[in-house]
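Trainee: I have a structure I would like to understand better, so I am pasting it below and will then ask my questions one at a time.
The values are calculated or read from the model by the stated rules, or taken from the named source; none is laboratory data. Please read these numbers as outputs of a predicted model, since none were measured by experiment. Here Cβ is always computed from backbone atoms with ideal geometry, including for glycine, and neighbour counts include all displayed protein chains.
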Amino acid sequence: MAFDFIQTALAARRKNNLFRQVTTLDSAIGALIEVDGQHYLNFSSNDYLGMRQSTAVMQGWVDGIGQFGGGSGASPLVTGHTRAHQDLQDSLAQGLEREAVMLFNSGFAANQAVCQALFQANAHCCALRDSGHGYILADRLMHASLLDGAMGSDATLRRFVHNDCTHLETQLSKIRANNTEESGKEQDILLVTEGVFSMDGDQAPIQALASISEQHNAWLMVDDAHGFGVLGQTGMGSVEQAGLSQHQVPVLMATFGKAVGTSGAFIAGSQDLIDYLSNFAKHYIYSTAMPPAQAVATLASLQAIQQSEQRSLLQENIDEFRRLATVAGIPLTPSITAIQPIIIGCPKRTLAISQRLREMGLWIIAIRTPTVPKGTDRLRITLSASHHKKDIQALVDGLAFVMGELPDDQ
């Protein structure tokens with residue numbers, strides 16, 4: 001039978017408590033979701049600032065649809081790039097202090113586009129290189145989109161221990177030494193990290209990484225999907241918080257589907273980089289542009305974030321959760337961001353705790369391998385400005401009760 005491995009693979013996932021399936025929401029209002037007629041406090045959304053149902057975003061969609069209709073109608077390089085897209089790009093470039101910005105339909109597409117365009121195997125680009133195809137040096141906990149993009153490129157992928165600058169420098173030194181011995185020329189190196197790591201909530205030491213990159217003549221790329229909109233003086237993310245320039249972070253990627261409350265992503269950098277991607281990034285060239293209304297709503301959200309108290313409210317909720325959880329004896333990681341993982345370690349127990357919490361009206365997704373390393377299965381709690389203090393108290397009370405009810409040998 002053709003493709004008979006499908007049933008075998010699914011059976012193995014079910015047996016190991018690793019099977020995934022989609023949950024259909026009947027409604028979602030603020031921090032509440034409805035599933036099969038039951039309501040839950042949602043602690044699994046990446047809508048950190050509660051912007052997706054904000055007045056600014058909703059009105060942006062209405063205005064954008066009224067002006068441009070429901071879709072873009074073409075790829076950006078044909079007739080899909082409107083004034084709405086350009087206004088969003090210009091605003092981002094100014095706020096991020098970058099020369100130019102390019103929009104993508106998703107962060108997954110943006111990460112793949114960068115890897116494959118900078119290290120593609122076609123003859124034209126190979127002819128332009130001084131030597132070889134180069135290296136992508138990635139933090140071991142990088143998002144799957146970047147790793148998949150790297151493996152689909154002609155670069156040699158190397159991974160360094162999470163947030164370990166010493167190990168990174170060792171890797172870079174070996175690469176440079178081997179380059180010199182083999183060809184006498186330096187190959188291109190793209191060093192990639194996340195601003196805020198999606199599963200652990202910890203932050204990369206990007207100032208140190210920028211310094212290391214410069215010392216080794218490498219480019220630093222930051223995937224700031226979970227920092228953009230939240231961190232920095234104006235919400236421009238991890239690079240703004242760290243005060244890093246375009247020269248120090250030549251490639252910056254971030255998404256709009258988390259704190260901004262819409263969808264899509266962008267790459268920011270030099271005009272040369274964006275022009276190059278416009279000519280060689282297949283994910284951009286051959287994809288229909290995001291709807292103009294989405295660009296209008298995204299710009300409206302970014303402007304509202306800078307003027308609102310949502311980021312302060314989120315920080316208050318993070319502080320409150322960590323204070324109450326510490327008092328309750330709930331084991332926390334060092335994360336001080338909206339992502340607050342509770343490491344369980346066993347997929348079966350993680351699922352059992354998640355299900356028991358759901359019976360109490362608390363929606364907290366169980367994250368298991370291969371999304372996270374084996375043995376680090378967890379509850380991935382995400383906090384939002386939409387949560388009230390009583391919601392957080394209910395969360396901590398529920399966690400303390402269920403984790404005591406279901407001991408480690410569950």
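Trainee: Looking at (1) part of a loop (DSSP other than H, G, I, E, B); (2) modelled with pLDDT under 95, which one does Met142 not meet, given that it meets all the others?
Mentor: (2)
Trainee: Still on this structure, I have one more. Would you call Ser384 assigned to a loop (DSSP other than H, G, I, E, B) and under 25 Å from the mean Cα position of the chain (by Cα)?
Mentor: Considered against the rule, which asks whether it is assigned to a loop (DSSP other than H, G, I, E, B) and under 25 Å from the mean Cα position of the chain (by Cα), Ser384 comes out as yes.
Trainee: Could you grab me the full set of residues in the stretch 69-103 that are under 18 Å from Ser287 (Cβ atoms) and either outside the structural domain of Ile267 (by TED's automatic domain parsing) or in contact with an Asp or Glu (Cβ under 9 Å, 6 or more places away or on another chain) (or both)?
Mentor: Val101
Trainee: Restricting attention to the stretch 76-112, which residues are surrounded by 23 or more Cβ atoms within 10 Å (Cβ to Cβ), in contact with a Gly (Cβ under 8 Å, 6 or more places away or on another chain) and closer than 12 Å to Met290 by Cα?
Mentor: Answer for the stretch 76-112, where residues must be surrounded by 23 or more Cβ atoms within 10 Å (Cβ to Cβ), in contact with a Gly (Cβ under 8 Å, 6 or more places away or on another chain) and closer than 12 Å to Met290 by Cα: Ala84, Leu103, Phe104.
One line per residue, one yes/no per condition, for (1) aliphatic (A, V, I, L, M); (2) touching a Lys or Arg at 6+ places or on another chain (Cβ under 9 Å); (3) over 29 Å from Met142 (Cβ atoms); (4) not assigned by TED's automatic domain parsing to the domain that holds Thr234:
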{"position": "Leu313", "(1), (2), (3), (4)": "yes, no, yes, yes"}
{"position": "Asn317", "(1), (2), (3), (4)": "no, yes, no, yes"}
{"position": "Glu320", "(1), (2), (3), (4)": "no, yes, yes, yes"}
{"position": "Ala325", "(1), (2), (3), (4)": "yes, no, no, yes"}
{"position": "Ile336", "(1), (2), (3), (4)": "yes, yes, no, yes"}
{"position": "Ala352", "(1), (2), (3), (4)": "yes, no, yes, yes"}
{"position": "Glu359", "(1), (2), (3), (4)": "no, no, yes, yes"}
{"position": "Ile392", "(1), (2), (3), (4)": "yes, no, yes, yes"}
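Trainee: Sticking with this one: Can you report the number of residues in the stretch 176-225 which are at pLDDT 95 or above, among the polar types (S, T, N, Q) and crowded, with 18+ Cβ neighbours inside 10 Å?
Mentor: 4
Trainee: Okay, next question. Every residue in the stretch 47-95 that is among the polar types (S, T, N, Q), in a loop (DSSP other than H, G, I, E, B) and under 18 Å from Ser308 (Cβ atoms), please.
Mentor: Gln53, Ser54
Quick grid of which residues meet (1) closer than 26 Å to His162 by Cβ; (2) surrounded by fewer than 21 Cβ atoms within 10 Å (Cβ to Cβ); (3) touching a Cys at 6+ places or on another chain (Cβ under 8 Å); (4) modelled with pLDDT under 95:
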residue	(1), (2), (3), (4)
Gly329	no, yes, no, no
Thr333	yes, yes, no, no
Thr369	yes, yes, no, yes
Leu383	yes, no, no, no
Ser386	no, no, no, no
Lys390	no, yes, no, no
Gln393	no, yes, no, no
Ala400	no, yes, no, no
Met403	yes, no, no, yes
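Trainee: If Leu332 meets every condition in (1) farther than 16 Å from Leu41 by Cα; (2) in contact (Cβ under 8 Å) with a residue 12 or more places away in the chain; (3) assigned to a loop (DSSP other than H, G, I, E, B) apart from one, which number is that one?
Mentor: (2)
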